[in-house]
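Read the figures in this text as sums done on the coordinates, not as results from a lab. On a predicted model such as this, the values are computed, not experimentally measured, just so you know. Heads up, the Cβs are rebuilt from the backbone with ideal geometry, glycines too, and the neighbour counts pull from every protein chain shown.
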Amino acid sequence: MTDLNDAVREHYRAGGLTERLKTALSVLGPEDQPLTPQQLGALDQFHTRGLAATAELAKLAAITAAMSVLDVGSGIGGPARFLAATCGCRVVGVDLSASFVDAARYLTERTGQSGQVSFRTASALELPFDDGGFDVVLLQHVAMNISNRAQLYREIRRVLKSGGRFATFDVVSKGGTPRYPLPWARMEATSFLLTAAATRAVIEASGFRALVWQDDTESAKAWITQLGASGPLPSPNLGVVMGPEFAELAANLGRNLLEGRLGILTAVFEATSAAGC
Ligand SMILES: C[S@@+](CC[C@H](N)C(=O)[O-])C[C@H]1O[C@@H](n2cnc3c(N)ncnc32)[C@H](O)[C@@H]1O
């Protein structure tokens, strides 16, 4: 597991990220001028369909202001800030990448949300929280970095209250061999894709019951086509986060989706009282 965590940390190392973000954001105004989560939406949502996908997932999970939400694999914190701003909930994000967590904290100070949104550097496989503390857990475009899915979903179940909701929005295999490099892995050895059906089986065996089950592939393909799949990047601003080679990684994701090698799954589960084996 440590070797795999090291590979993920290396992939998302993003040295000097906070400084790059400061420079990129200087066009929006001086450092002491507050920013809104929506203003950051073009560079802080590290998944297909960006802010729109986060907004839809929050709606499907029926997140309200009274809820405490955990965002697992929170990246640079865009989904966490957006949920706090639009739903009024408290959000904690955890991510394996220390530089992503540093950038997430910086951006959250810039939006003035540090009292409502916080971040910790930690592994999704060993969440640093007591049992049953969260109403909702979010997992967006993270599972394909994780080989031990049973442990991932068991950890998510452990930190959720009984009856709490687990909302996932992830890349799945459609059966074909994907073209690499991809935004989450430069090679097959560090990419752990499951089909949608296999994903559902592992999640349900971890103590969950499906409430929402949607194939989001066509929406992702429409988004990529609209942005211009032949262009350099589906999400131009993510180059600030991942560096100039992100253009190639993102274009490959687009190609794999359009060629039917990969798909996108949206699902919401309810935590049942008894976990499976
Ligand atoms: C593609 S990004 C998605 C970030 C965020 N969920 C979003 O949608 O904006 C994948 C994130 O998962 C994190 N990650 C991958 N494996 C992880 C693990 N085992 N534990 C915690 N975070 C992990 C990475 O560091 C990265 O920030």
**OP:** Rounded to whole Hz and in sequence order, give me ³J(HN,Hα) for segment 204-218 from the Karplus expression 6.51 cos²θ - 1.76 cosθ + 1.60, θ = phi - 60°, writing x for Gly and Pro.
**Re:** 5, 6, 8, x, 9, 10, 6, 10, 9, 9, 9, 8, 9, 4, 5
Subject >> Prolate/oblate/rounded call for segment 3-153, Cα gyration tensor, a/c under 1.5 rounded >> reply: oblate
Subject >> Potential extension, SER147-GLN39 segment - 0.36 nm per residue separation minus Cα distance >> reply: 35.5 nm
**OP:** Please list the non-local residues whose amide H lies under 5 Å from the amide H of VAL137, H modeled 1.01 Å from N, same-chain partners needing a gap of 5 or more.
**Re:** LEU70, ARG165, PHE166, ALA167
Original post:
Summing +1 for each Lys or Arg and -1 for each Asp or Glu, what net charge is found among the other residues whose Cβ lies under 9 Å from the Cβ of GLY77?
Top reply: -1
Original post:
Taking the Cα centre of segment 2-271 as the origin and placing charges on Cβ (Lys, Arg +1; Asp, Glu -1), which of LEU35, THR64, ALA250 is farthest toward the positive end of the dipole?
Top reply: THR64
**OP:** In nm, give the distance between the simple-model label positions of GLU109 and THR177, each being 7 Å from the Cα along the Cα-to-Cβ direction.
**Re:** 4.7
**OP:** May I ask you to derive the FRET efficiency for ARG13 and ALA66 from their Cβ-Cβ distance with R0 = 25 Å, giving the value to the nearest 0.05?
**Re:** 0.10
**OP:** Counting only C-alpha contacts under 8 Å and six or more residues apart, can you give the relative contact order of segment 42-83 as a whole percent?
**Re:** 58
Original post:
Counting only pairs 8 or more places apart or on different chains, how many lysine pairs in the chain have C-alpha atoms closer than 30 Å?
Top reply: 4
**OP:** Given the peptides 140-149, 163-172, 22-31, arrange them by the average over their residues of other C-beta atoms within 10 Å, most packed first.
**Re:** 163-172, 140-149, 22-31
Subject >> Beta bridges by DSSP in segment 57-142, antiparallel share as percent, to the nearest 5 >> reply: 0
Original post:
Spin-label point model (7 Å from Cα, Cβ direction): what's the VAL27 to VAL212 distance in nm?
Top reply: 3.3
Subject >> Rel. contact order, % - alpha carbon contacts under 8 angstrom, at least six apart, segment 2-271 >> reply: 21
Subject >> Computed helical MRE - 222 nm, the chain, DSSP H runs ≥ 4 contributing -39500 (n - 2.57), nearest 500 >> reply: -11000 deg cm²/dmol
Original post:
Comparing ALA267, ALA53, ALA66, which has the greatest mean-square fluctuation in the GNM of the chain with Cα pairs linked when under 10 Å apart?
Top reply: ALA66
Original post:
Which whole-Hz couplings ³J(HN,Hα) result when phi for each residue of segment 152-169 is put into the Karplus expression 6.51 cos²θ - 1.76 cosθ + 1.60, θ = phi - 60°, listed in order with x for Gly and Pro?
Top reply: 4, 6, 5, 5, 4, 4, 4, 7, 8, 5, 5, x, x, 10, 10, 10, 10, 9
